[in-house]
Amino acid sequence: MQTIPRVKGTQDFLEKGLYQFILNAFHEHVSLYHFTQVSTPIIEHVELFKRTLGTFTDVVSKEMFLLQSAESKDNLCLRPEATAPTMRAFLQVLPATSWKVYSHGPMFRRERPQKGRYRQFHQINTEVIGSSSISQDALLITMLDRFFQENLKIESAALQINFLGSYEDRENYAQLVKVFVDGVQGICDTCMERKDKNILRIFDCKNPTCQKIYEDAPIMIDHLSAESQKEWEQLQTELSLLSVTFSVNPRLVRGLDYYNKTVFEFVSAQLGAQNAFCGGGRYDRLADELGSKKSYPSLGAAIGIERLMLVLEPILDSLALPQPKPLYIIMPLAAEQNPLALILADTLHAAGLTTDAFLDGDSLKSMMRRANTMGAAYALILGESEQKDNTVLVKNMMTGDQEAIAQVDVVSYLRK
Ligand code: AMP
């Protein structure tokens with residue numbers, strides 16, 4: 001019988017040291033900015049994403065993992081992103097004050113897998129719900145920039161920003177783009193389809209011919225209303241004031257429909273085609289789209305953990321990754337010593353020492369080999385004579401020195 005392989009586009013994490021380091025570092029960092037942690041379910045109603053991300057976005061039209069069951073008529077799916085679920089949770093609770101929250105966990109999109117692009121991937125999400133001030137955008141971007149630069153010591157990253165204006169600005173701009181596209185020839189079939197359904201998505205097209213044509217397309221930031229123009233300038237001034245280095249990418253629109261005003265991405269040349277490891281922006285109407293009577297202007301960002309790990313791989317030495325604690329292995333020489341091994345292990349665990357016990361009756365030679373492979377610091381051997389004398393044979397795996405120690409003294413001996 002063949003073994004069952006991993007599902008296409010998913011990964012097994014066999015070592016989560018770096019993953020956990022990122023989460024811990026982020027937790028510490030965002031606590032300083034007064035973010036608190038929340039968690040929402042992995043399954044949601046499909047409608048949540050249809051209403052918010054846009055029916056014609058790739059995520060909703062092609063990439064949803066839909067859940068169907070014979071008994072239930074619920075139209076459920078695995079979440080493709082976390083902003084809409086977080087807003088749903090906010091509206092369900094309607095707390096008295098605005099929210100500054102973060103969460104992390106798996107997201108699911110049926111994309112074509114490649115390096116840095118998976119069908120199950122993991123994100124850290126931050127959301128600021130209930131603030132219309134553009135200064136809040138500057139604060140969120142600065143928080144992320146400091147995290148990448150100061151905490152994770154990433155030097156290869158670049159921050160790109162753009163401003164989509166108000167929803168009205170965007171509508172007017174979409175009309176201008178439509179006139180432009182009507183006047184050109186040679187764009188691909190996908191772009192032709194996008195032209196009718198969701199025209200600003202054409203700028204996501206990777207086809208070189210299309211990209212060349214769009215170089216002459218009108219640019220959003222050239223067509224902002226006076227009020228939007230003021231906010232756009234304010235954002236850039238405040239980022240500069242805080243010494244956040246950025247470049248303006250006038251073609252940055254991001255893949256989901258709910259954005260307005262600020263959009264941004266942190267990119268790294270190290271990542272190749274999928275070069276963004278964090279993206280976000282403002283979504284002032286998301287609450288309204290979910291049926292809220294009151295408006296909650298908001299903003300947020302998502303960090304792709306797998307991509308961040310790829311960016312960090314070459315600079316791991318510069319990070320203070322936690323070193324594993326010394327490992328103690330208890331080795332009963334026969335099944336008769338297993339109960340004593342359990343008691344000794346319990347004592348060591350209670351003393352906060354990382355301890356494992358080999359309980360399967362293997363030979364001493366093979367247990368030693370295994371302990372060596374695991375990088376154990378000490379082996380604690382329990383044979384018939386040790387059991388009789390209430391001792392343990394403690395062997396230093398580095399030097400090979402060994403000494404019989406009274407069982408009651410083992411913890412203090414190891415602590416020395
Ligand atoms: P988005 O939710 O599309 O705004 O993406 C936010 C971030 O999530 C991106 O910048 C990526 O780092 C990451 N991301 C998005 N899609 C994928 C994917 N299919 N595989 C891995 N990471 C992804």
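The values are calculated or read from the model by the stated rules, or taken from the named source; none is laboratory data. Quantities reported herein were computed from a predicted structural model and do not represent experimental measurements. Methodologically, a virtual Cβ is constructed for each residue, glycine included, from the backbone with ideal geometry; neighbour enumeration extends over all protein chains shown.
Being in contact with a Gly (Cβ under 7 Å, 6 or more places away or on another chain), crowded, with 17+ Cβ neighbours inside 10 Å and closer than 22 Å to Leu290 by Cβ narrows it down to one residue among Val101, Val128; which is it?
On the way: Val101 fails: in contact with a Gly (Cβ under 7 Å, 6 or more places away or on another chain).
Being in contact with a Gly (Cβ under 7 Å, 6 or more places away or on another chain), crowded, with 17+ Cβ neighbours inside 10 Å and closer than 22 Å to Leu290 by Cβ holds for just one of Val101, Val128, which is Val128.
A search for C-beta distances below 8 Å between a residue of segment 292-304 that is at pLDDT below 95 and any residue that is within 16 Å of the ligand (Cβ to nearest atom), counting only pairs 6+ apart in sequence or on different chains, returns nothing.
Taking first residues from segment 141-170 that are closer than 18 Å to Glu231 by Cβ and partners that are among the hydroxyl-bearing types (Ser, Thr, Tyr) and assigned to a helix (DSSP H, G or I), the Cβ contacts under 6 Å between residues at least 6 apart in sequence or on separate chains come to Gly165/Ser228; Ser166/Ser228; Asp169/Ser228. What number of residues in segment 185-217 are surrounded by 13 or more Cβ atoms within 10 Å (Cβ to Cβ) and either part of a loop (DSSP other than H, G, I, E, B) or assigned by TED's automatic domain parsing to the domain that holds Gly272 (or both)? Looking only at that region, the number is 6.
Residue check: is Gly272 more than 18 Å from the chain's Cα centre (by Cα), surrounded by fewer than 17 Cβ atoms within 10 Å (Cβ to Cβ), of a type in the set (Gly, Ala, Ser) and within 16 Å of the ligand (Cβ to nearest atom)? Judged against the criteria, Gly272 is a match. Could you look through segment 284-326, keep only residues that are acidic (Asp, Glu) and within 16 Å of the ligand (Cβ to nearest atom), and pick out the one that is farthest from Ser156 (Cα to Cα)? Of everything passing the filter in segment 284-326, Glu306 is farthest from Ser156 (Cα to Cα). Restricted to helices (runs of 4 or more DSSP H) entirely inside segment 347-416, those with at least 2 residues that are touching a residue at least 12 places away in the same chain (Cβ under 8 Å) and either among the charged types (D, E, K, R) or exposed (fewer than 11 other Cβ atoms within 10 Å of the Cβ) (or both) are 384-389.
Within segment 42-62, residues that are touching a residue at least 12 places away in the same chain (Cβ under 8 Å) sit with their Cβ atoms under 6 Å from residues that are more than 15 Å from the ligand (Cβ to nearest atom) and among the aliphatic types (A, V, I, L, M), at 6+ positions apart or across chains, in these pairs: Ile43/Leu76. Within segment 5-20, can one find any residue that is among the hydrophobic types (A, V, I, L, M, F, W, C), surrounded by 15 or more Cβ atoms within 10 Å (Cβ to Cβ) and within 28 Å of Glu313 (Cβ to Cβ)? Yes.
Taking strands (runs of 3 or more DSSP E) as the structural unit, those lying wholly within segment 47-143 and holding at least 1 residues that are touching a Leu at 6+ places or on another chain (Cβ under 8 Å) and more than 12 Å from the ligand (Cβ to nearest atom) correspond to 65-67, 76-78, 120-129.
The rows are residues; the columns are (1) of a type in the set (A, V, I, L, M); (2) more than 25 Å from Lys206 (Cβ to Cβ); (3) surrounded by fewer than 18 Cβ atoms within 10 Å (Cβ to Cβ).
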site: Ala25; (1), (2), (3): yes, yes, yes
site: Val30; (1), (2), (3): yes, yes, no
site: Ser39; (1), (2), (3): no, yes, yes
site: Leu53; (1), (2), (3): yes, no, no
site: Lys62; (1), (2), (3): no, no, yes
site: Ser72; (1), (2), (3): no, yes, yes
site: Pro85; (1), (2), (3): no, yes, no
